[in-house]
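See below for the structure under consideration.
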Amino acid sequence: MKKIRIKVILANLVFTTVIYSQIELVDKCGYIYGDQTNHYLARTANWGYGYDSLLVDLERWGESPFVTVDSLGASVQNRALWELTIADDPESSSNHRIYIHARTHPGEEESFWVTNEIINFLISDTPLAAFIRTNCIFHIIPMYNPDGVELGYARENANGVDIESGWDDVPLELEVAVLKNRFIELTSLVDNPIEVALNMHSSYSCKRYFVYHDAAGTSENYTTLEQQFINAVQSYFVDGFEDWDYFVSWTSGTPDQYPESWWWMNHSENVMALTYEDMNCEAAGNYDSTAYALVLGVCEYIGLDLSQIQNEASMPGSYSLLQNYPNPFNSTTTLRYDLAGQSNVNIIIYDMLGREVKTLINQTQDAGFKSIQWDGTNDYGKQVSAGVYLYRIQAGEYMQTKKMVFLK
Ligand SMILES: [Zn+2]
């Protein structure tokens, strides 16, 4: 509790310039220490996606024949830390192993939305996803800090500790101990230990980038590998990500408090362990394109030959409108749809009396796997009342309507 109190005091001192300059330290997520007025409970409760939403999604994901859902352990407030394993054969001793954990910092909910799209892509019914599932084992923690999410803490766990930078603490916070043990378990596998570990965040600088580790804190060879990895991801979403040298850290040596520090000190060049920063701002979005690029970048890095599959699989074979998620929702929901060809796309939300509530999109779009979000506002920007709504897509000749539930 002590740490929280100190932060509140600092926030009050922000307006006295001398102290402000001393505490204005920006971390890799673009967060300014002490700037709690902006980031502490600054958004709606749970930032639109709470632990209950996760439990609903776990049930849905768990229905996929390719998903195994496990609890790795418990948080400080005794919430399960859920991990999904996505693979055709989770017990395989030859397939490539990849680890992704998200939402260490609860206020960085975009890191979850990208991870959510990674999951949706990996369990999807496309030849590309099937090929990846045949060759890889993905382990994913969608919500690594559930207590922080439920408490509305921007950064910390229930003890008021930032578990991103507590990997050298004695004793370890419960969440850190759980994840570290899991990493140890999966890297001690002789045949197929973890090859890539992504630590998902989002940044107030409103850019998508990787935190690149300088040779001073790693090795020359590792920086080459980092550049290969980042360039590969970038090639699948051109202009979507900043270049590899946008954010360079560890320029004066290896720090010891981060997950990537643990990776480097224990497994050095054997594991590509990086923090990814999505956008944490109004301009955030394109989570599906981002997820696609991250997964394909990983596949290219570990040496899968995607060239043949990709051409067939990068475009949907038919038009469809998918069920929104989360559903029910209380802040923002995502509507997914597939376009088999270039089409004039019109998506409108109606209430149960058939009255138009909001036009979400009305424009020509290229073929592809698409998504759009609805934040529960109408055409005039006003919050609608709770209830059942319909969403209808018209794309060329294709027309489909589905239901969703908005809660408050
Ligand atoms: Zn972060």
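A few notes on this one:
- Fluctuation leader among L339, L353, L72 - the chain, Gaussian network, Cα springs under 10 angstrom: L353
- Largest mean-square fluctuation among T332, T377, T115, in a Gaussian network model of the chain whose springs join Cα atoms under 10 Å apart, belongs to T377.
- Of S343, S53, S219, the sequence from fewest to most neighbouring Cβ atoms within 10 angstrom is S219, S343, S53.
- Relative contact order for the chain, counting Cα pairs under 8 Å that sit 6 or more residues apart, in percent: 14
- Radius 15 Å from Cβ of G62, net charge of other residues (Lys, Arg +1; Asp, Glu -1): -4
- Total lysine pairs whose alpha carbons fall under 28 Å of each other in the chain (8 or more apart, or interchain): 22
- Stretching T401 away from E59 to a fully extended chain increases their span by 120.7 nm, per 0.36 nm per residue minus the current alpha-carbon distance.
- Ranking of T275, T187 by neighbouring Cβ atoms within 10 Å, starting from the fewest: T187, T275.
- Cα-based shape type of the range 256-408, given that a ≥ b ≥ c are square roots of the gyration tensor eigenvalues and the cut on a/c is 1.5: oblate
- Ranking of V26, V178 by neighbouring Cβ atoms within 10 Å, starting from the fewest: V26, V178.
- For the chain, projected area of the alpha-carbon convex hull averaged over all directions, nm²: 20.5
- From largest to smallest, the equivalent ellipsoid semi-axes obtained for the range 151-280 from the alpha-carbon gyration tensor read 24, 20, 14 Å.
- Three-way shape label, the range 320-406, alpha-carbon gyration tensor, a/c 1.5: prolate
- Cα centroid of the range 139-174 to Cα centroid of the range 341-387, whole Å: 36
Readers should treat all values here as calculations from the given coordinates under stated rules, not as data from a laboratory. Because the structure is predicted, anything quoted here is derived from the model rather than measured. Here the Cβ is made from the backbone with ideal geometry for all residues, glycine too, and neighbour counts use every protein chain on show.
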